[in-house]
1. Could you please state, rounded to a whole Å, how far the C-alpha centre of the range 133-162 is from the C-alpha centre of the range 184-199?
2. Give me a comma-separated list of calculated 3J(HN,Hα) values for the range 266-277, in order, Karplus coefficients 6.51, -1.76, 1.60 applied at θ = phi - 60°, integers in Hz, x for any Gly or Pro.
3. Mind ordering 146-152, 190-196 by average Cβ neighbours within 10 Å, highest first?
4. If I take R0 = 35 Å and measure r between the Cβ atoms of Met228 and Leu44 in this structure, what FRET efficiency does the formula 1/(1 + (r/R0)^6) give, to the nearest 0.05?
Amino acid sequence: MASYASYKKVTSDSIPSGAITSAKLQAGAGACRKVQWIYNERGLRCHQCARESGCCEQANGKCCYWCVPDNVYKVTFEIWSGGGGGPGHTCCNCCSFSIGGFGGNYATKTIDTNPGCQYSVCAGGSWPCGKSHTCTAGMGCRSYVNGHNLSNYCTDGGCPGWMCNGDAWGQRHAVTSCANCRICGIFGADFGFSGDAGIKAGTTTCRCHGQTSWTGSGAGMGMYMATMTNEAWCACGCHIPWPAGGGTSGTSSYCNNWAKCCAGGSGQGASGIVKITFV
């Protein structure tokens, strides 16, 4: 039997589409879409100047607790992991080439929730903190969210860059990786994809003349960077493209001559970010 309480309820099919416009609502009425970002504040302030003072802070991620506000019953979490570090260029008297770090990976998840639910949110950084003088660097750290209605929701960090030795005439083909890396580490998500790969362009010139190495950018966002040297020169990898970008590598254009030049890489990638959207 119908009751007065049931008559008071309004269903969506009883309201014609477009019948209620914003002009007919009082200020503050209706749904309000809000976005909150979690990230390392130094990354936003400095973006590329990773080798300035406080570079370790640039590589740090940020973890915190987020509490669901009143009247919120659905939330979307988007996460970008930390980018892979840039390697050094340590083969000082042979023809070799290096690849910048890969960009951080992306994942998204929409869930039902309740006001007052608390979530552990972490925007991954990059490890280790410091310049790389070895043929590889650290992998980016994973980003994740833990809490009600989530199960192992995370994405692994971007792959590190790598230095590879070439033959007497150097490397002549475009190369995106010299080493294996777990780049498909996306878990518990509705959707996700990997960040861009670092790359070394091929060359048709004498041996190692004119070396250029690119980093990868964060998945679907950010930018990439490059380091380049000419014959008889070397260059250190000094920058990190924030957010979630790969670190720049050291490069050397040794060409069987006197310029036995070694170069350090950035050693770290840019920290990741987390985006929280709710109504």
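Computed from the coordinates by the stated procedures, all read-outs in this text should not be read as laboratory data. Remember, it's a predicted structure, so these values are computed and weren't measured experimentally. FYI the Cβ positions are ideal-geometry reconstructions off the backbone, even for glycines, and counts take in every protein chain you see.
1. 10
2. 4, x, 8, x, 7, 6, x, 9, 10, 10, 10, 10
3. On the way: 146-152: 14.0, 190-196: 20.0.
Top of the packing list down: 190-196, 146-152.
4. Numbers: r = 27 Å, r/R0 = 0.78.
Once rounded, the FRET efficiency stands at 0.80.
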